[in-house]
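Notes for the one structure printed next.
The values are calculated or read from the model by the stated rules, or taken from the named source; none is laboratory data. Given the structure is predicted, the values throughout are model-derived calculations rather than measurements. Note that each Cβ is placed from the backbone with ideal geometry, even for glycine, and that neighbours are counted across all protein chains shown. Areas reflect the complete protein model, heavy atoms only, side chains present, ligands, DNA and RNA absent. Shrake-Rupley method; radii C 1.70, N 1.55, O 1.52, S 1.80 Å.
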Amino acid sequence: MPRSTPTPEWVLARRRQIGDQIRGARLHANLTQEQVAHLVPMDRATYNRIEQGHASAGLDTLILIAHVIGVPLADLVR
């Protein structure tokens, strides 16, 4: 169900920050977006939107991403 009110800007900024942390962890692990997306599994475009902060990831998806990248979940949302 769509939100009845727009998402606050501070939430969008935090989503972008988390996407940056995911990207940094992925690059540190020397993985491509395609590799992570395949192992999660999800399509690369959806994964890219999460890294860019254009889409929010559910908790289960964040857990899977952290597992595939090889970092604790807390490292992605700190």
- line: By the C-alpha gyration tensor axes a ≥ b ≥ c (rounded if a/c is under 1.5, else prolate when a/b exceeds b/c, else oblate), the shape of segment 33-78 is oblate
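Work through the residues other than His54 whose Cβ is under 12 Å from its Cβ and net out their charges, Lys, Arg +1 and Asp, Glu -1.
Details: positive: Arg15, Arg16, Arg49; negative: Glu51.
Taking every other residue near His54 into account, the sum is +2.
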field: Dipole magnitude of the chain about its Cα centre (Cβ charges: Lys, Arg +1; Asp, Glu -1), debye to nearest 20
entry: 180
message: Given the options Gln35, Pro6, Gln21, identify the residue whose Cα lies farthest towards the positive end of the charge dipole of segment 1-49 (+1 on Cβ of Lys, Arg; -1 on Cβ of Asp, Glu).
response: Pro6
- prompt: How far, in degrees from 0 to 90, does helix 9-28 lean away from the longest principal axis of the Cα atoms of the chain, to the nearest 10?
  reply: 0
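Note down, for the chain, the three equivalent ellipsoid semi-axes (square root of 5 times each alpha carbon gyration tensor eigenvalue), biggest first, whole angstrom.
Values: eigenvalues 92, 37, 23 Å².
Semi-axis lengths for the chain are 21, 14, 11 Å.
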- line: Measuring from the longest principal axis of the C-alpha atoms of the chain, the long axis of helix 59-69 (C-alpha) lies at a number of degrees, nearest 10, equal to 30
- prompt: How many Å² of accessible area per residue for segment 16-78, probe 1.4 Å?
  reply: 59
- request: Name the most mobile residue of Arg49, Arg16, Arg26, meaning the one with the largest mean-square fluctuation, in a Gaussian network model of the chain with Cα contacts below 10 Å.
  value: Arg49
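Within the set of other residues whose C-beta is less than 14 Å from the C-beta of Arg26, count the net charge using Lys and Arg as +1 and Asp and Glu as -1. Can you show the working numbers first?
Working: positive: Arg23, Arg44; negative: Asp20, Glu34, Glu51, Asp75.
Once positives and negatives cancel, what remains is -2.
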